[in-house]
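What follows is a single structure, written as structure tokens, with notes after it.
Every read-out reported here was derived from the displayed coordinates using simple, explicitly stated rules and does not represent laboratory data. A quick note: this is a predicted structure, and the numbers were derived from the prediction, not measured. All Cβ positions, glycine included, derive from the backbone under ideal geometry; neighbour counts span all protein chains shown.
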Amino acid sequence: MSDSCNPASVPSPGGGPELPSGLEALLDQVADRQRLDFGHMASSLKADGSLITACDRWSDATLVDGLGRLYPQEGVLSEEGDQRLPETPAYWVVDPLDGTTNFAAGIPYWAISLARFEHGQPVLAVLDVPPLRQRIVAVRGQGAWRNGKPLLPPSHQRHPVGCASLCSRSIGVLQKLPDRRFPGKIRLLGVASLNLVSVAMGQTVAALEATPKIWDLAASWLVLDELQCSLRWLDQSPASIRPGTDLASTDFPVLVADRPATLDLFLPWAEALRA
């Protein structure tokens, strides 16, 4: 498949989808650099209080420049770059290093999140987890894969442990419902995109994110859709945002679950988050 083709029209030969060679090489380049820099990066604070490293900036610039060369007719929104929703018919949303706090603290769990959108919906998603050397790919209408192996919908699996993911800003809901037992074993992974996709992969039964930005959830959103997970936007859906909108300060709080019954079970805590 040539890089000039629509990257969402990915064939599925053998064990999984084949990304365009240029896109795959770009992701490999960034993942390799992040593994090399891990444990050797000083961090600083951004205006919103979150951390950033030189590796975040390099990764963002490299991905944005690379996508611009591969797909010159398609805009790019990125966490460390232009945060306006592109006005091109197709565009990319990039989080170059989701989990900077983990990365800077020497915790080996972070992700590169990249998604291509058409008409406000993700059609191709890639979540690369450099420390684990795992790459999750989803294609609209075709499914999702991890390292080339197809992923099954979590509703087809059993969950004897019943772990649930909360982000650091949503854990306060436990105090809002002190008389109710939280229906899961809590996990805080520190990576918004992987918190969400953990449901799709059967690692958790539900995930609650209080303040995810569009770049946090862009790739996970498609993986969740393709694996038939239940999703409830608690405020507005990112699909409703108009092109040209600056999303630097816009949150998309969301509850996701492995099936509708689980979503209903966790919904009181999601509603308490917004109360």
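Nearest 5 is fine: what % of DSSP beta bridges in the range 154-274 come out antiparallel, could you say? Show your work: numbers first, answer last.
On the way: 8 of 14 bridges.
Percent antiparallel among DSSP bridges in the range 154-274 is about 55.
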Note to self: Charges on Cβ only, +1 for Lys and Arg, -1 for Asp and Glu, centred on the Cα centroid of the chain; of Gly244, Phe182, Pro122, which one is farthest towards the dipole's positive end?
What the structure shows: Phe182
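For the residues His156, His119, what sequence is obtained by ranking on other C-beta atoms within 10 Å, fewest first?
Details: His156 11, His119 8.
Ranked by crowding around the Cβ, least crowded first: His119, His156.
Multiply the residue gap between Arg181 and Ala54 by 0.36 nm, knock off their C-alpha separation, and tell me the result in nm, one decimal place.
Details: separation 127, 0.36 × 127 = 45.72 nm, distance 4.22 nm.
In short, 41.5 nm is gained.
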Item checked: Residue-wise HN-Hα coupling along the range 185-198, computed from phi with Karplus coefficients 6.51, -1.76, 1.60 (Hz; x: Gly, Pro) -> 8, 6, 10, 10, 8, x, 9, 4, 4, 7, 4, 5, 6, 4
Next item on the list: With springs only between Cα atoms under 10 Å apart, run a GNM on the chain and tell me which of Arg116, Arg69, Arg135 wobbles the most.
Entry: Arg69
Notebook entry, point to check: Check Leu234: other-chain or 5+ apart residues with amide H under 5 Å from its amide H, H built from backbone geometry?
Noted result: Val254, Leu255
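Could you tell me what a quarter of the Cα convex hull surface of the range 21-150 works out to, in nm² with one decimal place? Spell out each step's value before the answer.
Details: hull surface 32.0 nm².
Averaged projected hull area, Cα only: 8.0 nm².
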Check: Taking amide H positions as placed 1.01 Å from N in the peptide plane, with prolines and chain starts having none, which residues 5 or more places from Cys163, or on another chain, fall under 5 Å of its amide H?
Finding: Lys185, Val205
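When DSSP assigns beta bridges and you keep just the ones with both residues in the chain, what percent turn out antiparallel, to the nearest 5?
So the antiparallel bridges amount to about 80 percent of the total.
Contour minus end-to-end for Ala275 and Leu174, with contour as 0.36 nm per residue of separation and end-to-end as the Cα-Cα distance? Mind dumping the intermediate values first?
On the way: separation 101, 0.36 × 101 = 36.36 nm, distance 1.28 nm.
Contour length minus Cα-Cα distance gives 35.1 nm.
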Margin query: Taking the 0 to 90 degree range and rounding to the nearest ten, how far is the long axis of helix 214-226 tilted relative to the main principal axis of the chain, both from C-alpha atoms?
Written below: 80 degrees
Notebook entry, point to check: In degrees from 0 to 90, rounded to the nearest 10, what is the angle of the helix 54-70 Cα long axis to the longest principal axis of the chain?
Noted result: 60 degrees
Notebook entry, point to check: Using Cα atoms only, what is the angle between the long axis of helix 21-37 and the major principal axis of the chain, expressed in degrees (0 to 90) to the nearest 10?
Noted result: 60 degrees
Note to self: Averaging over every viewing direction, what projected area does the convex hull of the Cα atoms of the chain cover, in nm²?
What the structure shows: 13.8 nm²
Note to self: Give me the one-decimal nm value for the distance between modelled label points at Ser249 and Gln236, 7 Å along each residue's Cα-to-Cβ direction.
What the structure shows: 1.3 nm
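Would you tally the net charge around Arg133, using a Cβ to Cβ cut-off of less than 13 Å, leaving Arg133 out, and scoring K and R as +1, D and E as -1?
Net local charge, Arg133 excluded: 0.
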Item checked: Rough spin-label spacing in nm, given labels placed 7 Å along Cα→Cβ, for Arg35 and Leu152 -> 2.9 nm
Note to self: Between the range 220-247 and the range 77-101, what is the separation of their alpha carbon centroids in Å?
What the structure shows: 14 Å
Next item on the list: Kindly provide the helix-only [θ] at 222 nm of the chain, computed as the sum of -39,500 (n - 2.57) over DSSP H runs of four or more divided by all residues, to the nearest 500 deg cm²/dmol?
Entry: -9000 deg cm²/dmol
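I want the local charge near Ala111. Using Cβ-Cβ distances under 11 Å, sum +1 for each Lys or Arg and -1 for each Asp or Glu among the other residues.
Details: positive: Arg135; negative: Asp95, Asp98, Asp128, Asp216.
Overall, the nearby charge balance is -3.
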Next item on the list: Taking H placed 1.01 Å from N in the peptide plane, check which residues at least 5 places from Leu247 or on another chain put their amide H under 5 Å from its amide H.
Entry: Arg84, Leu85
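Would you tally the net charge around Phe252, using a Cβ to Cβ cut-off of less than 9 Å, leaving Phe252 out, and scoring K and R as +1, D and E as -1? Write out the running numbers ahead of the final one.
Details: positive: Lys213; negative: Glu209, Asp216, Asp235, Asp251.
Neighbour charge sum, excluding Phe252 itself: -3.
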